[in-house]
1. Taking the dipole about the Cα centre of the chain, with the C-beta of Lys and Arg at +1 and of Asp and Glu at -1, give me whichever of 126, 163, 30 is farthest to the positive side.
2. Dipole size in debye (nearest 20) for the stretch 129-211 around its Cα centre, Lys and Arg Cβ +1, Asp and Glu Cβ -1?
3. How large, in percent, is the carbon and sulfur part of the accessible surface of the chain at a probe radius of 1.4 Å?
4. Let me have the 222 nm mean residue ellipticity of the chain computed from DSSP H runs of 4+ only, each contributing -39500 (n - 2.57), with the sum over all residues rounded to the nearest 500.
5. Using the heavy atoms of the protein chains alone and a 1.4 angstrom probe, what is the accessible area of the chain per residue in square angstrom?
6. Determine the dipole magnitude for the stretch 1-109: charges of +1 sit on the beta-carbon of Lys and Arg, -1 on that of Asp and Glu, nothing else is charged, the reference point is the Cα centre, and the result goes in debye to the nearest 20.
7. Just add up the charged neighbours of residue 12: K/R +1, D/E -1, any other residue whose Cβ is under 13 Å from the Cβ of residue 12.
8. Sort 208-215, 127-134 for me by packing, meaning the mean count of neighbouring Cβ atoms within 10 Å per residue, highest on top.
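The values are calculated or read from the model by the stated rules, or taken from the named source; none is laboratory data. Small disclaimer: the values here were computed from a predicted structure and weren't measured. When we count neighbours, we look across all protein chains shown, and the Cβ atoms used for this are built from the backbone with ideal geometry, even at glycine. Areas reflect the complete protein model, heavy atoms only, side chains present, ligands, DNA and RNA absent. Shrake-Rupley method; radii C 1.70, N 1.55, O 1.52, S 1.80 Å.
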Amino acid sequence: MAVQMNDSHRRFLQVLMSHGIIEGSEARRLHRHCCEVHNVYYAHDKLDDFINVINTHLQPLFMQIRNGASEDDGKKFYALVNLAETEITKMTAYYAENELELFRKTLDLIILSDNGLVSSTSILNLTEQLQSKKMKKKEAEQVLQRFVQDKWLFEKEGEYTLSTRCIIEMEQYICKAYQDLIGMCNICHRLVIQRQICETCGIQMHLPCVAKYFRGQTEPHCPNCNGLWPHEIPDIGHPDSQQSSQIGRA
């Protein structure tokens, strides 16, 4: 028999719905807060069990709370995913047809790139290829900023990639639409967008996975073929030892 949801679960769900996605440490604080406010049993290591109770009751609604890691720093995030919506249909209520076309074409560029990053110039040049309705580059700049503000894209140093929210919510669509173009990380076995690739055997790894796997190694070798790893190892600290990031980074 399924454990019944109580007010602590409902409060947690309401907050997650209002944010769309929250960072792992924030989720743990929220879990404790919800339990204390409603005077129910709290255990610091039972967040996943707490969320599983919510997911059991969300199942008939075709919704689920899922977790994923930031490809930028490896931090864990939780997001509410609508399983009934496919492709990019969940965005249709918030964006015009030509804006959605720009997002799809941006998604194409990111997936086809060598490292999961594309420049703003490359994205703005897509306006010349739009079929639905033409868009000026100035308008495209504003739309691009909306994609970032709404946490579908993530910008760093003038380049853009998919946000953690986008990857968690659209992973199923991405894997289906780009099945011959995407790969899974050899370490965590999750969809990988920002990556390093072994030049010998072709395996792919997230940047935080690369940093963690090769930490302390002076001559890193591929975990699959044992060939010398040709890339610079990113300087990414262990997520649990870092300070909590802002939700907007998702």
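1. Comparing the listed Cα positions along the dipole, 30 ranks first.
2. 380
3. Here carbon and sulfur together make up 46 percent of the probe-accessible area.
4. So the calculated ellipticity at 222 nm is -11500 deg cm²/dmol.
5. Using a 1.4 Å probe on heavy atoms only, each residue of the chain averages 55 Å².
6. Approximately 420 debye in magnitude.
7. Around residue 12, the surrounding residues sum to +1.
8. Highest to lowest by the protection proxy: 208-215, 127-134.
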